[in-house]
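This report concerns only the one structure given below.
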Amino acid sequence: MQVNKKQIEFLLKLKKKKYRDEHQKFLFENPKVIWEEFSNPLLDSVYVTDNFYKENEDRMVFKNIYRLSEKDLGKISNQVNPLGMVALFNMPQAKKFIFKSKNVLLLDGISDPGNMGTIIRTADWFGFNHVFLGNNCVEIYNPKVVAASMGSIFNVSLNADVNLKSLINDLKEEGYQIVVTDLMGDESDIDRRANIALVIGNEAKGVDRKLIELADKRFKIMKSGKAESLNAAVAAGIVMNKIKF
């Protein structure tokens with residue numbers, strides 16, 4: 001089917017957070033991931049250019065496919081060089097958390113979209129299936145977050161605008177060990193037998209001091225080089241690996 005003007009206007013609106021929130025929909029632009037998610041019930045529709053369709057006609061297995069011009073794709077795309085395919089998804093709903101997951105991830109003030117997407121992808125890799133974002137974090141469905149997550153936003157339960165202090169107190173009552181990354185901490189072993197809630201902080205400021213005060217362990221990643229600090233996503237991956245293995 002050929003896309004119509006009304007559809008293009010709607011897709012254009014989704015570039016703004018308020019419309020994503022209002023309609024609970026977002027765009028995804030990675031063809032590889034879109035094909036992987038072809039049976040995902042959250043997939044609403046797929047939009048491709050004529051050239052892309054002709055080159056991949058035997059792979060067009062989607063229920064709702066619309067053709068559009070290169071010009072219209074350029075309008076709705078968030079990429080400098082669009083890849084010829086965009087998918088419209090409904091936002092996943094966070095799964096109810098019942099304090100049974102062994103490891104959970106709390107994010108405090110993660111403001112860089114690339115870092116956020118990479119952390120979500122890394123959490124998926126290490127089996128941290130519940131991720132809680134403080135109310136000072138970048139939006140989950142920011143296009144750069146979505147792109148960097150490489151589809152992991154569909155695999156991990158994401159809870160936004162969370163009061164992290166209140167959640168940490170609840171987790172402590174349920175027996176979770178609270179681990180925060182802190183340059184003033186130490187590198188002592190983390191008890192992998194425990195249920196662990198890992199807190200990763202802002203790229204520049206680290207974890208808020210009020211949250212650090214609630215921690216059971218302040219973990220420092222030791223260094224041997226001269227770099228002043230680590231990227232937040234890299235730090236998250238190092239500590240998640242430490243916890244899991």
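Derivation of every value follows stated rules applied to the coordinates shown; laboratory data play no part. Just so it is clear, the model here is predicted, and its values are computed rather than measured. Heads up, the Cβs are rebuilt from the backbone with ideal geometry, glycines too, and the neighbour counts pull from every protein chain shown.
Work out the charge dipole of the chain with +1 on the Cβ of Lys and Arg and -1 on the Cβ of Asp and Glu about the Cα centre, then indicate which of Leu171, Ser188, Leu88 is farthest towards its positive end. Looking along the dipole axis, the top candidate is Leu88. Roughly how many whole Å is it from the C-alpha centroid of region 197-245 to that of region 143-182? The distance from the Cα centre of region 197-245 to that of region 143-182 comes to 14 Å. Shown here are the Rg and Dmax of the Cα trace of region 5-90, at 12.2, 37 Å. Of the trypsin sites (Lys or Arg not before Pro) found in region 35-65, those in coil by DSSP whose Cβ has at most 16 other Cβ atoms within 10 Å are Lys63. Note on region 103-244: dipole from Cβ charges, positive end direction compared against Thr118, Val145, Asn202; the farthest Cα belongs to Thr118. Rounded to the nearest 20, the Cβ-based charge dipole of the chain about its Cα centre (Lys and Arg +1, Asp and Glu -1) stands at 220 debye. Taking other C-beta atoms within 10 angstrom as a stand-in for reagent exposure, Thr49, Thr181 fall in the order Thr49, Thr181, fewest first. Directionally averaged projected area (region 103-244, Cα convex hull): 7.8 nm². Taking GluC sites (Glu not before Pro) in DSSP loop states with no more than 15 other Cβ atoms inside 10 Å as exposed sites, the chain has its longest site-free stretch at 1-173. Let's test the formula: R0 of 30 Å, r as the Cβ-Cβ distance of Leu12 and Asn163. What FRET efficiency results, to the nearest 0.05? With R0 = 30 Å, the Cβ-Cβ based efficiency is 0.30.
If I model region 162-245 as equal point scatterers sitting on the Cα atoms and use the Debye formula, what is log10 I(q)/I(0) at q = 0.12, 0.24 Å⁻¹? Here the Debye-derived log intensity ratios amount to -0.33, -1.31. Candidate cross-link partners of Lys54 among the aspartates and glutamates, defined by an alpha-carbon separation under 16 Å and a same-chain spacing of 8 or more, comprise Glu70.
Less than 5 angstrom separates the built amide H of Val199 from those of Leu106, Val179, Val180, Thr181, all sequence-distant by 5 or more or on a different chain.
All Cα-Cα separations within the chain were binned at 5 Å from zero, giving a P(r) of 1, 6, 14, 17, 16, 13, 10, 9, 7, 5, 3, 1, 0, each value a whole percent of the pairs. As a length-normalised measure over Cα pairs under 8 Å and 6 or more apart, the relative contact order of region 1-106 settles at 37 percent. Using a 7 Å offset from Cα along Cα-Cβ at Met60, what residues in region 1-23 end up with backbone N under 14 Å from the label point? Of the residues in region 1-23, 1-3 have backbone N under 14 Å from the label point off Met60.
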